[in-house]
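Taken together, the values in this text are just the output of simple stated rules run on the coordinates, not laboratory data. Given the structure is predicted, the values throughout are model-derived calculations rather than measurements. In this analysis, Cβ positions are derived from the backbone assuming ideal geometry, glycine residues included, and neighbour counts consider all displayed protein chains.
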Amino acid sequence: MMVRSPRQPIDLKASTADVKARCARVLVGLEAIEQQKDPIFQDPRSVWLELTLSIHELEAALWIMKKAWWP
């Protein structure tokens, strides 16, 4: 039989602030891509990197939400 440790209390206020901060970073990065005026990306690697970082930030925000609100 597998024994689970008791659930640790989660600071919901801190979790909410962390998710909001991650969303803000994603928005800033995606806005920078959207505001580029060139018809073709001049630096596609930086765009790829920003998109990849945005994906990771969103995945981390989802993990925080899951851990905080759904055991």
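Values as computed for the structure displayed
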{"quantity": "Selected residue (only one of ILE55, ILE33, ILE64, ILE40 is hydrophobic (A, V, I, L, M, F, W, C) and outside any helix (DSSP H, G or I))", "calculated": "ILE40"}
{"quantity": "Segment 51-71, residues that are surrounded by 13 or more Cβ atoms within 10 Å (Cβ to Cβ) and more than 12 Å from the chain's Cα centre (by Cα)", "calculated": "ALA68"}
{"quantity": "The lone exception for ALA14 - which of (1) assigned to a helix (DSSP H, G or I); (2) touching a residue at least 12 places away in the same chain (Cβ under 8 Å) it fails", "calculated": "(2)"}
